[in-house]
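Below: the structure, in structure tokens.
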């Protein structure tokens, strides 16, 4: 193989491998507001701290906000759940269960938004989401475009 082709092949592979962090999902992942308790907020804070400590090279990126998973949300904690699921832009995983649509199939999470410029959460509330974007990608929760860090690992 010619050196120029080999170099081009390596370059393409490297660029495609990094494209995961450049994806942006403009759909609104928030289906409801959730108020986590103080322990859940502290857990989310610890997850953000761990992420920032373990990923210092990723911090200068243009994304100001980080979306961190604070806790799982049980279906009975969400008021008027059915209309919220139907009207959401991101509940495909729930509806993919076919005819056996029950709330026990619902995997919902509270996502809190962390402001890296202010070094704090934007508020004491989070957003309920059902379909999570890929870790490291940028997605929207209500009015915030945030890099999803999951549990901060």
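The values are calculated or read from the model by the stated rules, or taken from the named source; none is laboratory data. Treat the numbers as computed from the prediction; the structure is a model and nothing was measured. Neighbour counts run over all protein chains shown; Cβ positions are idealised from the backbone, glycine included.
Those residues that are within 8 Å of residue 29 (Cα to Cα), touching a strand residue (DSSP E or B) at 6+ places or on another chain (Cβ under 8 Å) and in a loop (DSSP other than H, G, I, E, B), I need them from region 123-153; list them, please. Within region 123-153, 130, 132, 142 meet the criteria. Screening region 5-38 for residues that are touching a strand residue (DSSP E or B) at 6+ places or on another chain (Cβ under 9 Å) and assigned to a helix (DSSP H, G or I) and picking the one that is modelled with the lowest pLDDT gives 21. Answer with yes or no whether residue 52 is modelled with pLDDT of 80 or more and over 21 Å from residue 129 (Cβ atoms). For residue 52, the condition - modelled with pLDDT of 80 or more and over 21 Å from residue 129 (Cβ atoms) - is met.
In region 90-105 there is no residue matching the filter, namely being modelled with pLDDT of 70 or more and in contact with a strand residue (DSSP E or B) (Cβ under 8 Å, 6 or more places away or on another chain). What pairs can you find where one residue is in region 71-83 and closer than 16 Å to residue 30 by Cβ, the other is part of a loop (DSSP other than H, G, I, E, B) and at pLDDT below 75, and their Cβ atoms are less than 9 Å apart, with a gap of 6+ or different chains? Close Cβ pairs satisfying both conditions: 73/106; 78/106; 81/106.
Of the numbered criteria (1) surrounded by fewer than 19 Cβ atoms within 10 Å (Cβ to Cβ); (2) at pLDDT below 85; (3) touching a strand residue (DSSP E or B) at 6+ places or on another chain (Cβ under 6 Å), the one residue 78 fails is (1).
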